[in-house]
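Input: a single structure, listed below in structure tokens.
The values are calculated or read from the model by the stated rules, or taken from the named source; none is laboratory data. Keep in mind that this is a model prediction, so the values were computed, not measured. Here Cβ is always computed from backbone atoms with ideal geometry, including for glycine, and neighbour counts include all displayed protein chains. In case anyone asks, the SASA skips ligands and DNA or RNA and just uses the protein heavy atoms, side chains included. Shrake-Rupley method; radii C 1.70, N 1.55, O 1.52, S 1.80 Å.
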Amino acid sequence: MIKGQTDLKGTFACVAQVGNSGADRIGEALAAAVYSNVNAPGGCNDGFLRDDALLMVTLISNTYDYDSKGTPGSWAASVLKAKHDDPESIVMFSILDAMAECHPADRTCPMVKMFPYHLRVDRDEQDYGPFFDQASDLVDVACADFVPPG
């Protein structure tokens, strides 16, 4: 969305659904959001994935991912492919579960932990504000070392 957008309502309606599949398909929604044709030239999310920028992924859910097609590894591979296989150009922020070890039912946790810049927060926290600040700090750290491809 840019200043002077001619169809702001339509553009927002499209991008607001990118990566939002509902139910408990978090991994599948993430893979679709970075791999989908909505990011292609002329797509409603054209220009979102840029070579000169980090990608910050924010996952928020109140349930584990039971039904996504694929595996934590395949979802991570989709995100990595979107960023030229550079894990350091991606920041993962997950609000779901923050146990020291991944809950056996939490299929997104192992994927989030595959990235060097990640933050996991328990969904039962009373205030997410401080954690969004921590995620922003993590972006600053990743940005300091980021070298665009090419």
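So here's what we get for this one:
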{"read-out": "Within the stretch 80-94: backbone nitrogen closer than 18 Å to the Q134 label point (7 Å, Cα to C-beta)", "value": "91-94"}
{"read-out": "Ranking by accessible area, most exposed first, for C109, C143 with a 1.4 Å probe", "value": "C143, C109"}
{"read-out": "Cut-off under 5 Å, modelled amide H: who pairs with I95 long-range", "value": "L59, I60, S61, V121"}
{"read-out": "Cross-link partners of K113 among aspartates and glutamates (Cα-Cα below 13 Å; sequence separation of 8 or more within a chain)", "value": "E88, D97, E101"}
{"read-out": "Accessible area (Å², 1.4 Å probe, nearest 10) - K69", "value": "150 Å²"}
{"read-out": "Additional length obtainable on full extension of the chain from K9 to K113, 0.36 nm per residue less Cα span", "value": "33.9 nm"}
{"read-out": "For the chain, built as a Gaussian network whose Cα springs stay under 10 Å, the top-fluctuating residue of V121, V34, V112", "value": "V121"}
{"read-out": "Efficiency of FRET between T58 and V147 - r from beta-carbon atoms, R0 25 angstrom, step 0.05", "value": "0.60"}
{"read-out": "Mean Cα-pair separation over length for the chain, i.e. relative contact order, pairs under 8 Å, 6 or more apart, %", "value": "22 percent"}
